[in-house]
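Every read-out reported here was derived from the displayed coordinates using simple, explicitly stated rules and does not represent laboratory data. None of these values were measured; they are calculated from a predicted model. We place every Cβ from the backbone using ideal geometry, glycine too, and count neighbours over all the protein chains shown.
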Amino acid sequence: MTSVMITELGHFALILAFGIALVQMIIPMVGAHRNNPAWMAVAEPAAISQFLLVALSFGALTWAFVTSDFSLQLVYANSHTDKPMIYKISGVWGNHEGSMLLWQLILTLFGASAAVFGGNLPDRLRARVLAVQASIAVAFFAFILFTSNPFLRLAVPPLNGRDLNPLLQDPGLAFHPPFLYLGYVGLSMAFSFAIAALIEGKVDAAWGRWVRPWTLAAWVFLTLGIALGSWWAYYELGWGGFWFWDPVENASFMPWLISAALLHSAIVVEKREALKSWTILLAILAFGFSLLGTFIVRSGVLTSVHAFANDPARGVLILIILAVFLGGALTLFAVRAGSMESKGVFSAVSRESALVLNNVLLAVSCFVVFIGTIWPLVAEMLFGRTLSVGPPFFEAAFTPFMVGLASVLPIGSILAWKRGSLSRATKPLLPWFVLAIALGLLAYAVQSGRSAMGPIGVALGVWVVGGATADLWMRSGRGGWMDRLGRMRRLPRADWGKAFAHMGMGVTIFGIAAMMAWEIEDIRVTDIGDRWDVGQFSFTLDDVRRVEGPNYVTTMADMGVWRGDKQLTVLTPEKRFYPVAKMPTTEAAIRNGILRDIYVVIGDPQVDGGYAVRVYVKPFANWIWGGALLMALGGFVSLSDRRLRVGAASAKKTNMVPAE
């Protein structure tokens, strides 16, 4: 089969999947309304077929990139025969059209997963969930086929392509979008469960247990995707930072915050049948923020190094999709939410109250990020003013909420359900509180003339990690050390997962605070052979040479790193130029370490001789991403708990008047 036939088959499969999605959107929903088992049964094979067809379409597009089929307009615009194979493959989603097809592949994957693993769901709920999921797929099938078709052809295929954006030719960016989309699109399942519950008229403990694993999976993948993007920005862009509060960074961070709130709120629904309306609202908003992120990335209204497209027409269509789904969902919520009765009653001092406070802090912090991201656009549209909201605003406005969240997290995890005791909850935390304060004061005493961020980060990190440890220790019961350790090993995986996730948050808080408070930066112009000191290290510029890469030429430096008379390593930062794309990139050289990173960048040659060189000593930098990985590990461990995967065996009585 020729490459042309394969891609045409992929295009046909995409159109056929669109038709099946239309059927899945309508027939099962009507069947659930009429209680017709045959019509409801259409949902499962339709969801699986839809995924298989989109997978075939995505595979055909991947084949076109791998074989450099420049008869496809997308391959011509984003590939080149000399490009390494990994970047030919990642080029499939390193553009607007291909990334939208990846979005659709993941969307249908979640729908098929719900069809395969949702056998324990009531028939009506499963049919409605899959129908709502199909309605999202229908909107994006239409968007792809009519505005962003990846299979458009060129009348006269050129001999070679225009290459992929050099900034995207990096392993971090090869894996960052798939993980991010698994998170973004995964939240569609929480949305589908919320809408199905509103239509059906049943939100109870069983529903809370069913929605949690899908939300947790999406949150885990979002965590990994954000961490990969942050790591890429750190080592690839050459500016030495890990987060710039860029609009596209914020676009992924907002649904992460809301989904974290949703996770904790769903626990209250499951355990206590309370916060039902709030949890439904969070499920709607979580996916709404995912759609908002899609709009920000693809509309061109906000500029970013991460943005895929600059097409206002496409942006308007995504905005319409956002308005239809979010507006429709909120309207349905307004009609139905008043009927939801929360059975659980709890006191002001209880785990429920702590989770409410957790939700408020996460939701308000998300709103702060949203205002800072959107305000420049609003100011330009309404007032004709060009504004820039940068890191100083976000750090000043966002940080207090995270400090508050970290402060209450250990206490809230230990408080009893319904009616708790602060004295009983804080007693096992007292040693950790004393240790956190002592280490914070020690950090303050050791540093000189610096901000309080470092000591506060040390104290909060120790407090959160210690709180998670104390929570596990309390759950082990009474008795000797060996007996308690044995019981700890037998604790449910969900308990261990929660502890790992909270520990990861503590580690990340410490890493961010330490790096921002104690990093050392040195920028200078230096000649070959010069030696200079930065902190406790010395650096030498030994050589600068020109090197040919597979699809680029680079200016590569050899920089020696010394501590006293001992040479630790030779780092090789680069300044690359991609001739086909006519674009330069900066490749930092980093000596990674547990306690610090040594980070060097070579700049352009200067008119008066020498080279611009930047050197950073970044303490505890890798703890930021280590903490993120620990959070994601906690999510995976929780997902492996059978209690979380199988859901509730049966739903409880409805708390709303049925929609039928």
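Could you list which residues have their amide H under 5 Å from that of Asp543, counting only those 5 or more apart in sequence or on another chain, with H placed in the peptide plane?
Asp558
Name the residues whose placed amide hydrogens come within less than 5 Å of the amide hydrogen of Ala274, ignoring near sequence neighbours (fewer than 5 apart) on the same chain.
Those qualifying (amide H under 5 Å, at least 5 residues apart or on another chain) are Val269, Gly344.
Taking neighbour Cβ counts within 10 Å as the exposure measure, how do Val553, Val269 sort from fewest upward?
With the fewest neighbours first, Val553, Val269 line up as Val553, Val269.
Quick check: net charge around Gly477, other residues with Cβ under 12 Å of its Cβ, Lys/Arg +1 and Asp/Glu -1? All intermediate terms of the calculation are to be shown ahead of the outcome.
Working: positive: Arg475, Arg478, Arg484, Arg487, Arg490; negative: Asp483.
Around Gly477, the charge tally is +4.
Say each of Phe393 and Val408 gets a label point 7 Å from the Cα, pointing the same way as Cα to Cβ; how far apart are those two points in nm?
So the label points at Phe393 and Val408 sit 2.6 nm apart.
What is the gain in length, in nm to one decimal, between Trp239 and Leu377 on full extension, counting 0.36 nm per residue of separation less the C-alpha to C-alpha distance?
Details: separation 138, 0.36 × 138 = 49.68 nm, distance 2.58 nm.
Between Trp239 and Leu377, full extension yields an extra 47.1 nm.
Rounded to the nearest 500, what is the chain's calculated 222 nm mean residue ellipticity when only DSSP H runs of at least 4 contribute -39500 (n - 2.57) each, over all residues?
Helices in the chain give a 222 nm mean residue ellipticity of -21500 deg cm²/dmol.
Where in the chain are the DSSP H helices whose C-alpha atoms run 30 Å or more along the long axis and whose mean Kyte hydropathy is at least 1.0?
Passing helices, by number: 3-34, 43-66, 96-117, 123-147, 171-200, 276-299, 312-336, 351-383, 391-414, 453-475.
Please list the non-local residues whose amide H lies under 5 Å from the amide H of Asp163, H modeled 1.01 Å from N, same-chain partners needing a gap of 5 or more.
Under 5 Å from the amide H of Asp163: Asn78, Ser79, His80.
Taking the Cβ of each residue in His80, His264 as the centre, tally the other Cβ atoms inside 10 Å and list the residues starting with the fewest.
Starting with the residue having the fewest Cβ neighbours, the order is His264, His80.
In whole Å, how far is the Cα centre of the range 424-465 from that of the range 546-575?
Answer, in whole Å: 39.
Of all DSSP beta bridges located in the chain, what percent are antiparallel, nearest 5?
Counting DSSP beta bridges with both partners in the chain, the antiparallel share is about 100 percent.
Going by Cα centres, the range 318-336 and the range 113-191 are how many Å apart?
That distance is 21 Å.
Treat the count of other C-beta atoms within 10 Å as a stand-in for reagent exposure and order Arg489, Arg212 from fewest to most.
Numbers: Arg489 9, Arg212 25.
Lowest count first: Arg489, Arg212.
Which net charge results for the neighbourhood of Ala348, defined as the other residues with beta-carbon distances under 13 angstrom from its beta-carbon, given Lys and Arg at +1 and Asp and Glu at -1?
+2
If you take the beta carbon distance between Arg450 and Met5 as r and set R0 to 60 Å, what does 1/(1 + (r/R0)^6) give as a FRET efficiency, to the nearest 0.05? Don't skip to the end; give the middle numbers.
Details: r = 65 Å, r/R0 = 1.08.
Step by step, r from the Cβ atoms, then E = 0.40.
May I ask for the net charge around Leu198, where only other residues with Cβ less than 12 Å from the Cβ of Leu198 are counted and Lys, Arg are +1 while Asp, Glu are -1?
+3
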